[in-house]
Amino acid sequence: EVAAETEETRPLAAVEDQGAGPAELEARGVSAWFGSHKVLDRVSLTMPAGRVTALIGPSGCGKSTFLRTLNRMHELVSGAAFAGEVLLDGADLYAPGRRLTQARRDIGMVFQKPNPFPAMSIYDNVVAGLRLTGVKVGRSTKDALVEECLTRAGLWQEVRDRLRRPGGALSGGQQQRLCIARALAVRPRVLLMDEPCSALDPTSTRRVEETIHSLSQEVTVVIVTHNMQQAARVSDQCAFFLAEQGVPGGIVEYGPTDAMFHSPQDQRTADYVNGRF
Ligand code: ADP
Ligand code: MG
């Protein structure tokens, strides 16, 4: 249906229809392996629609792996295996016959290291996501989309006069916001972010945090962070991951962020959020 239309006949609505607003994401019994090494053991977590869920825990406990199972990127790693279900508004992403391109369009991802296409213009970087997912739109639609996504990512004012400059010419913090704008261009229902600020200076970190805050009504956010202050500032709920000696990673505790920081139920959570390991 959509593919049959020409660029000129595609209204802005065609892009707007891509997203149906924030979706709930629910992991049920998610296990993951790299070869024979089991790194996650039956992890279940509900990430409510339109909220920010932070995944916290020490390095190596499986947070990034868990995040990658949520949009089926884990299976791209050679030797990787998966078991369980991931439900997007109730529909399992891993169900036989489920279209992967649709899942990737619904669930965007932002990585630790900003990775815009460095030689591509700022404008084309934002539009690039549409091309990758096969969505075609006309020029005026693209212009409107680029402005909107850069605005939502908190970058429009800084780059509106130089949209033709290469993405690689921006500062690290601007590049990360460009990556957020690029992710938003396909109108995802969920945005996964893996330590999006750990390569950024404090000012850029602030800007990205403000962006996350302003997005949370429109898209469900799942963010991995090492930084407890950041988790406290940006998230509505937290899940504390831990992999104890020889045991695959799992969730020790999860709940509203306030409760996790002020009245943790598990001693290991209390120790972690208070910086004791
Ligand atoms: P975190 O993000 O919490 O630091 P990861 O999900 O990156 O943890 O890693 C979980 C475990 O999986 C670690 O033991 C790590 O060494 C292992 N691991 C991660 N990526 C790979 C990979 N590509 N191949 C093999 N093992 C991996
Ligand atoms: Mg990680």
Checklist line | Extreme residue, surrounded by the most Cβ atoms within 10 Å (Cβ to Cβ), among residues of the range 128-178 that are basic (Lys, Arg) and out of contact with any Leu (no Cβ under 6 Å at 6 or more places or on another chain) | finding: LYS142
Item checked: Pair list, Cβ under 9 Å, 6 or more apart: the range 248-277 residue closer than 20 Å to GLU26 by Cβ and among the polar types (S, T, N, Q), other residue in a loop (DSSP other than H, G, I, E, B) and modelled with pLDDT of 95 or more -> THR257/SER235; THR257/ASP236
Next item on the list: Could you check ARG139 against (1) touching a Cys at 6+ places or on another chain (Cβ under 8 Å); (2) modelled with pLDDT under 95 and say which number it fails?
Entry: (1)
Check: What single numbered condition from (1) crowded, with 16+ Cβ neighbours inside 10 Å; (2) among the polar types (S, T, N, Q); (3) within 16 Å of ligand 2 (Cβ to nearest atom); (4) farther than 17 Å from GLU24 by Cβ fails to hold for SER121?
Finding: (3)
Notebook entry, point to check: Residue check, ASP266 against (1) of a type outside the set (Gly, Ala, Ser); (2) modelled with pLDDT under 95; (3) away from ligand 1 (no atom under 16 Å from the Cβ), all met but one. Which one?
Noted result: (2)
Check: Looking only at the range 177-211, which residues are on the phi > 0 side of the Ramachandran plot and free of Cβ contacts under 8 Å to residues at least 24 places away in the same chain?
Finding: none
Notebook entry, point to check: Hey, does the range 85-107 have a residue that's within 16 Å of ligand 2 (Cβ to nearest atom), within 28 Å of ARG268 (Cβ to Cβ) and touching a strand residue (DSSP E or B) at 6+ places or on another chain (Cβ under 8 Å)?
Noted result: no
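Yes/no per residue for (1) modelled with pLDDT of 95 or more; (2) buried (at least 21 other Cβ atoms within 10 Å of the Cβ):
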{"residue": "ASP201", "(1), (2)": "no, no"}
{"residue": "SER204", "(1), (2)": "no, no"}
{"residue": "VAL208", "(1), (2)": "no, yes"}
{"residue": "HIS213", "(1), (2)": "no, no"}
{"residue": "GLN217", "(1), (2)": "no, no"}
{"residue": "VAL221", "(1), (2)": "yes, yes"}
{"residue": "GLN229", "(1), (2)": "no, no"}
{"residue": "ASP236", "(1), (2)": "yes, no"}
{"residue": "PHE241", "(1), (2)": "yes, yes"}
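So which residues in the range 31-65 are free of Cβ contacts under 8 Å to residues at least 60 places away in the same chain and more than 16 Å from ligand 2 (Cβ to nearest atom), if there are any at all?
Step one: list which residues in the range 31-65 are free of Cβ contacts under 8 Å to residues at least 60 places away in the same chain, which gives 32-37, 46.
Selection gives TRP33, GLY35, SER36, THR46.
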Next item on the list: Could you list all residues from the range 31-84 that are in a strand (DSSP E or B), of a type outside the set (A, V, I, L, M, F, W, C) and within 8 Å of ligand 1 (Cβ to nearest atom)?
Entry: HIS37
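The values are calculated or read from the model by the stated rules, or taken from the named source; none is laboratory data. A quick note: this is a predicted structure, and the numbers were derived from the prediction, not measured. When we count neighbours, we look across all protein chains shown, and the Cβ atoms used for this are built from the backbone with ideal geometry, even at glycine.
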